[in-house]
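Structure record follows, encoded as C-alpha coordinates.
The values are calculated or read from the model by the stated rules, or taken from the named source; none is laboratory data. Note that the structure is a prediction, hence the values are computed from the model and not measured. Please note: Cβ atoms are built from the backbone with ideal geometry, for glycine as well, and neighbour counts cover all protein chains shown. All accessible areas refer to the heavy atoms of the entire protein, side chains included, with ligands and DNA or RNA removed. Shrake-Rupley method; radii C 1.70, N 1.55, O 1.52, S 1.80 Å.
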Amino acid sequence: QVQLVESGGGLVQPGGSLRLSCAASGTILSINAMGWYRQAPGKQRELVTRITSDGTTDYGGSVKGRFTISRDNAKNTVYLQMNSLKPEDTAVYYCVVVIGALYWGQGTQVTVAS
(Lines give C-alpha, C1' and ligand atoms only; values in the text may rest on other atoms or scores of the structure.)
Protein backbone atom coordinates (compact mmCIF):
# COMPACT_ATOMS: atom_id res chain seq x y z
CA GLN A 1 0.00 0.00 0.00
CA VAL A 2 1.05 3.56 -0.74
CA GLN A 3 -0.13 6.64 1.10
CA LEU A 4 0.20 10.21 -0.14
CA VAL A 5 0.05 13.15 2.25
CA GLU A 6 -0.32 16.62 0.78
CA SER A 7 0.27 19.93 2.46
CA GLY A 8 0.68 23.60 1.69
CA GLY A 9 -2.68 24.69 0.34
CA GLY A 10 -4.51 27.76 1.56
CA LEU A 11 -5.76 31.22 0.74
CA VAL A 12 -3.50 33.64 -1.09
CA GLN A 13 -3.96 36.98 -2.81
CA PRO A 14 -3.57 37.34 -6.56
CA GLY A 15 0.09 37.61 -7.45
CA GLY A 16 1.11 35.65 -4.39
CA SER A 17 2.88 32.32 -4.03
CA LEU A 18 2.27 28.95 -2.45
CA ARG A 19 4.27 25.76 -2.24
CA LEU A 20 2.56 22.40 -2.17
CA SER A 21 4.22 19.24 -0.94
CA CYS A 22 3.26 15.60 -1.33
CA ALA A 23 5.07 12.84 0.54
CA ALA A 24 4.64 9.20 -0.41
CA SER A 25 5.03 6.44 2.13
CA GLY A 26 4.42 2.72 2.36
CA THR A 27 5.67 -0.07 0.15
CA ILE A 28 7.74 1.84 -2.37
CA LEU A 29 10.45 0.28 -4.47
CA SER A 30 10.81 3.06 -6.98
CA ILE A 31 8.65 5.93 -8.11
CA ASN A 32 8.23 6.56 -11.78
CA ALA A 33 6.36 9.75 -12.54
CA MET A 34 4.99 12.22 -10.01
CA GLY A 35 2.69 15.10 -10.70
CA TRP A 36 -0.16 17.39 -9.85
CA TYR A 37 -3.71 17.66 -11.15
CA ARG A 38 -6.31 20.20 -10.19
CA GLN A 39 -10.07 20.48 -10.31
CA ALA A 40 -11.94 23.74 -10.14
CA PRO A 41 -15.66 23.88 -9.25
CA GLY A 42 -17.77 22.80 -12.19
CA LYS A 43 -14.76 21.84 -14.28
CA GLN A 44 -13.01 18.62 -15.19
CA ARG A 45 -9.85 17.57 -13.48
CA GLU A 46 -6.82 18.70 -15.47
CA LEU A 47 -3.12 17.97 -15.47
CA VAL A 48 -1.06 20.79 -14.02
CA THR A 49 2.40 19.32 -14.28
CA ARG A 50 4.38 16.10 -14.02
CA ILE A 51 7.97 15.01 -13.57
CA THR A 52 9.50 11.70 -14.58
CA SER A 53 12.11 9.67 -12.74
CA ASP A 54 14.89 11.27 -14.81
CA GLY A 55 13.66 14.79 -14.07
CA THR A 56 11.87 15.53 -17.32
CA THR A 57 9.01 17.93 -16.71
CA ASP A 58 5.81 18.79 -18.52
CA TYR A 59 3.44 21.68 -17.78
CA GLY A 60 -0.08 22.63 -18.71
CA GLY A 61 -0.21 25.73 -20.87
CA SER A 62 -1.92 27.93 -18.32
CA VAL A 63 0.78 27.48 -15.68
CA LYS A 64 3.95 27.54 -17.77
CA GLY A 65 6.42 30.06 -16.47
CA ARG A 66 4.57 30.43 -13.17
CA PHE A 67 4.62 26.95 -11.60
CA THR A 68 7.63 24.73 -10.99
CA ILE A 69 7.57 21.05 -10.10
CA SER A 70 10.46 19.34 -8.36
CA ARG A 71 11.05 16.10 -6.51
CA ASP A 72 13.25 14.77 -3.76
CA ASN A 73 13.77 11.09 -4.48
CA ALA A 74 15.39 10.45 -1.11
CA LYS A 75 12.23 11.67 0.63
CA ASN A 76 9.75 10.31 -1.94
CA THR A 77 8.35 13.82 -2.09
CA VAL A 78 7.15 16.02 -4.91
CA TYR A 79 6.76 19.78 -4.66
CA LEU A 80 4.81 22.37 -6.60
CA GLN A 81 6.02 25.95 -6.35
CA MET A 82 3.26 28.26 -7.55
CA ASN A 83 4.09 31.89 -8.25
CA SER A 84 2.11 34.77 -9.72
CA LEU A 85 -1.09 33.07 -8.71
CA LYS A 86 -4.33 34.09 -10.40
CA PRO A 87 -7.95 33.68 -9.32
CA GLU A 88 -8.37 31.09 -12.06
CA ASP A 89 -5.79 28.92 -10.30
CA THR A 90 -8.35 28.35 -7.55
CA ALA A 91 -8.98 24.61 -7.33
CA VAL A 92 -8.40 21.47 -5.35
CA TYR A 93 -4.91 20.25 -6.18
CA TYR A 94 -4.22 16.52 -6.22
CA CYS A 95 -0.86 14.84 -6.06
CA VAL A 96 -0.38 11.74 -8.21
CA VAL A 97 2.36 9.15 -8.08
CA VAL A 98 3.04 6.27 -10.42
CA ILE A 99 4.45 3.24 -8.66
CA GLY A 100 3.30 0.55 -11.01
CA ALA A 101 -0.25 1.73 -10.39
CA LEU A 102 -1.45 5.31 -10.15
CA TYR A 103 -2.01 6.69 -6.65
CA TRP A 104 -3.87 9.88 -5.77
CA GLY A 105 -3.52 12.20 -2.83
CA GLN A 106 -6.54 13.42 -0.88
CA GLY A 107 -6.39 16.88 -2.40
CA THR A 108 -5.58 20.28 -0.95
CA GLN A 109 -7.57 23.45 -1.53
CA VAL A 110 -5.88 26.45 -3.12
CA THR A 111 -7.90 29.65 -3.17
CA VAL A 112 -6.64 32.78 -4.89
CA ALA A 113 -8.70 35.80 -3.91
CA SER A 114 -8.23 39.34 -2.64
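Observations, loosely collected:
- Yes/no for LEU47 being open to solvent by 40 Å² or more (accessible area, probe 1.4 Å), assigned to a strand (DSSP E or B) and farther than 24 Å from THR27 by Cβ: yes
- Residues of the range 24-41 that are assigned to a strand (DSSP E or B) and crowded, with 18+ Cβ neighbours inside 10 Å: ALA24, MET34, GLY35, TRP36, TYR37, ARG38.
- Residue count for the range 61-91, restricted to those that are over 19 Å from ALA33 (Cβ atoms), surrounded by fewer than 19 Cβ atoms within 10 Å (Cβ to Cβ) and within 14 Å of the chain's Cα centre (by Cα): 3
- Near pairs, Cβ below 8 angstrom, 6+ apart or cross-chain, from the range 57-79 (part of a loop (DSSP other than H, G, I, E, B)) to any residue that is among the charged types (D, E, K, R) and open to solvent by less than 50 Å² (accessible area, probe 1.4 Å): VAL63/ASP89
This table checks each residue for (1) in contact (Cβ under 8 Å) with a residue 24 or more places away in the chain; (2) not basic (Lys, Arg).
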| site | (1), (2) |
| --- | --- |
| SER7 | yes, yes |
| GLY10 | yes, yes |
| GLN13 | yes, yes |
| LEU18 | yes, yes |
| SER25 | yes, yes |
| ILE28 | yes, yes |
| ARG38 | yes, no |
| GLN44 | no, yes |
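- Annotation note: Cβ proximity below 7 Å between a residue of the range 97-113 that is touching a residue at least 60 places away in the same chain (Cβ under 8 Å) and a residue that is of a type in the set (Phe, Trp, Tyr) (sequence gap 6+ or interchain) occurs for VAL97/TYR103; TRP104/TYR94; GLY105/TYR94; GLY107/TYR93; GLY107/TYR94; THR108/TYR93; VAL110/TYR93.
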